[in-house]
Structure formats: C-alpha cells, structure tokens
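Participant: To start, I am sharing the structure in question, which I have written as structure tokens.
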Amino acid sequence: MTEQLLQQFFANQTTPDESRRVLAWFDTDAGQAYLTHRISTQLEQDHWHATPGSPRPDVDRLWATIRQSVQDAPVSTSSSSARSRWLGQSLRWAAACVGTLLLVTGGYWGYKQLYPADLVQQTAFGQTTTLTLPDGSLVTLNGNSRLRYAPQWASGQSREVWLDGEGFFRVTHQPQHERFVVHLPNKLNIEVLGTQFDVLARQSRARVVLNNGKIRLDVGNKKNDRLVMQPGDLFYADVKSKVFYRKRVDPTVQSAWQEGKLRFEGTTLREVAQMLEETYGVQITFTDPALLEQAISGTIPNKDLETILTGLSTLFDLHITRQANQLTIN
C-alpha cells in the first residue's frame, strides 16, 4: 500500500476500485497498525481541537470506540448527504478528536452502504448455470467460470462485470443507453453495443465471438487499439504466446455448449484438449504428438465428461483411457 494512495483516500479522491483496495488493506494487521499510529500521531499534536481542559483520550480505547460506532451504524443509507448527517450526529466528538482520520471510519461505513459488496457467481468443473443480472441481462456460465458484478446499477451508471472463464451474454438495452462493459483478464475489455456474444476469458488467452448486434473490444490503452466487431466475427488473443487474430466464423458453433452440444469445425485436437482441461479440470496426454494438430468436424453431446469422451472416441476413431482426472489419447 502506497502513502500516496492513502492520502488520496483520506482526501476522498479515490475511485471505487481504489477505495476497495484501501479498505481491504485496513482489515489487515499492517493496516490496523497504520491506523493506530496515525491516531497516536494526531493526538500528540497540540492543535487536536479538544475542548479546553479535557483529558487526552486513550488511543486504543478511542480506536475501539470508533470501530464499534462504525459497526453499530444504521444499515441503510442511499446518498452522500445522508452519510454526512450520520457522521455529524454520531461521530461528532470522535471527528473533533481525530480530524481527518475519521474519513477512514466514516468512509468505510459510507462506502459499505453506497458500494455494497459485489456478487460473485462461480461454476464448478463441468457445471453450467444461467443467471440474471440487475438490469435483466442474462449470462450463461460454462464450467470453471467466475462472474463478479454489483448487486444493483443506478440509472445512468455504467454496467460493469468481470469474467474469468466462459460466458454467453444476452444484454438488455436500457432507456438511457447505459454502457455494458465486460472486463476480462489480461486487461481486455468489451463494451457492448449489441446484444448476444460468447466470451472465453482464461488467464493466458481470450476469445470473443459476436452472435448479434455489435461490440467494441478494447485491446490496449489507445483509441487505435479498439476493434469494433460485427456478427460472425471471432477475435482471439493469446497474450502469453503473443498470438492475435480475427476471422469470420459461424457463431452458433462457438456457443453451442450452452445448448448441450459441442460443435467442431476444423478444430484441432490440441484445442479440444485445452477446452476439456479448462472446463472439466482434467489433464490430457497424447501418446502421439502428431494427433495434436489433427482437425475434427462434427457435433457431440456435452451432457457430462463421460458423454463427451464417448462421442470423441466413437466419431473420430480415438482411443481414450481415463484414470481419475488423467486422460490419455492415442
């Protein structure tokens, strides 16, 4: 944690994400030690604004009192003005004692009310689920995927979600045209200008396929790094190997997994193996490295891993053996 960021927090000049970082740090031993030291330092100053003749309060007791005041705060506040009124009524004496330090406690309490904890939906290996976002948009998550988002979005506020894994989005249009942004690992961002698209976002790679409407993909920090995609466009990025490309595809092939199918069109077994490892948590070994580049086309059900393996071995003449999560293909 940097002193610069802490000073910005005390001055109420941090973004919501920066505030999250600071508040999370305050919950650590280092953060608690910092706050205690800051109180001690402030109380040692001659201009700490105590009432003339009043005793200098005990630091530990003061900090405990402040923490308890925050915990006993009202549970519903919907505006910064309400937060200010609460601070003025409930922590007036404490604010006089600690001055700007109360921005920590007051800010922590107000932040928890104004920015409730994000919701997180996560699927297990091989599990799919469909959830409804606060704006009515639908997201179907594939196995081993995680989506984070705010419990509510105010009118005029950008709708932002964070995806790690694979999801199919059906985004609703809002009366005030609020932005819908999907944040992916590797600093890739998708701004939705349309409705339906499939996103695969793992730590080392990302794949975006647009089914309907229009989306803008930010792949860098410059305006020239923005790519506007049309229906049928596929964009692939592998940050680790520095492979980036865009091509035309049948989007229904990429999103068939949400309908209980796996469709392959010239898909290499290397790609199939990678998908199975990420979605079902298995490890795959090929006895013949040449098989990795073998391309397959066809459709198999993806009810579960055993069904997929049976389909692969039957349709594509593969011999697959399994021991727990270890698969061997030859």
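The values are calculated or read from the model by the stated rules, or taken from the named source; none is laboratory data. The structure displayed is predicted, hence computed values, not measured ones. Because the Cβ atoms are built from the backbone with ideal geometry, glycine has one as well, and the counts that use them run over all protein chains shown. We work out accessible area using only protein heavy atoms, side chains counted, and drop any ligands, DNA or RNA first. Shrake-Rupley method; radii C 1.70, N 1.55, O 1.52, S 1.80 Å.
Participant: Which condition breaks for A295 when tested against (1) more than 22 Å from the chain's Cα centre (by Cα); (2) open to solvent by less than 60 Å² (accessible area, probe 1.4 Å)?
Facilitator: (2)
Participant: So which residues in region 233-265 are open to solvent by 70 Å² or more (accessible area, probe 1.4 Å) and on the phi > 0 side of the Ramachandran plot? Talk me through it step by step, then tell me what you get.
Facilitator: Quick first cut of region 233-265, residues open to solvent by 70 Å² or more (accessible area, probe 1.4 Å) only: 240, 242, 244-248, 259, 261, 263, 265.
If the condition is that a residue be open to solvent by 70 Å² or more (accessible area, probe 1.4 Å) and on the phi > 0 side of the Ramachandran plot, then K242 is the only one that fits.
Participant: Still on this structure, please answer the following. Is it the case that some residue within region 33-42 is basic (K, R), under 22 Å from the mean Cα position of the chain (by Cα) and modelled with pLDDT under 75? Steps first, answer last, please.
Facilitator: The first filter runs over region 33-42 and keeps only residues basic (K, R), leaving 38.
Next, from what is left, pick out any that are under 22 Å from the mean Cα position of the chain (by Cα): none.
The answer is no, given that none of the residues of region 33-42 is basic (K, R), under 22 Å from the mean Cα position of the chain (by Cα) and modelled with pLDDT under 75.
Participant: Right, next: Looking only at residues that are of a type in the set (S, T, N, Q) and under 28 Å from the mean Cα position of the chain (by Cα) in region 266-289, which one is least open to solvent (accessible area, probe 1.4 Å)?
Facilitator: Start the filter on region 266-289 by keeping residues that are of a type in the set (S, T, N, Q), which leaves 267-268, 274, 279, 283, 285, 287.
Among the residues that remain, those that are also under 28 Å from the mean Cα position of the chain (by Cα) are: 274, 279, 283.
Numbers: Q274: 62, T279: 5, Q283: 106 Å².
The residue in question is T279.
Participant: Same structure again: What are the residues in region 1-12 that are of a type in the set (S, T, N, Q), at pLDDT 75 or above and assigned to a loop (DSSP other than H, G, I, E, B), if any?
Facilitator: If the condition is that a residue be of a type in the set (S, T, N, Q), at pLDDT 75 or above and assigned to a loop (DSSP other than H, G, I, E, B), then T2 is the only one that fits.
Participant: (1) more than 19 Å from the chain's Cα centre (by Cα); (2) over 15 Å from Q254 (Cβ atoms); (3) not in a loop (DSSP other than H, G, I, E, B): which one isn't true of L234, the others all being true?
Facilitator: (2)
Participant: Could I ask something else about it? With (1) part of a helix (DSSP H, G or I); (2) open to solvent by 60 Å² or more (accessible area, probe 1.4 Å); (3) closer than 18 Å to N142 by Cβ as the list, and K303 as the residue in question, which single condition is left unmet?
Facilitator: The number of the failed condition is (1).
Participant: Quick check on region 192-209. Is at least one of its residues modelled with pLDDT of 90 or more, under 17 Å from D17 (Cβ atoms) and assigned to a strand (DSSP E or B)?
Facilitator: no
Participant: Does any residue in region 229-250 that is under 15 Å from L188 (Cα atoms) and of a type in the set (G, A, S) come within less than 6 Å, Cβ to Cβ, of a residue that is open to solvent by 30 Å² or more (accessible area, probe 1.4 Å) and at pLDDT below 90 six or more places away or on a different chain, and which pairs are these?
Facilitator: A237/F244
Participant: Of all the residues that make up region 146-174, how many are in contact with a Ser or Thr (Cβ under 9 Å, 6 or more places away or on another chain), within 13 Å of G136 (Cα to Cα) and not basic (K, R)?
Facilitator: Going through region 146-174 one residue at a time, the tally reaches 5.
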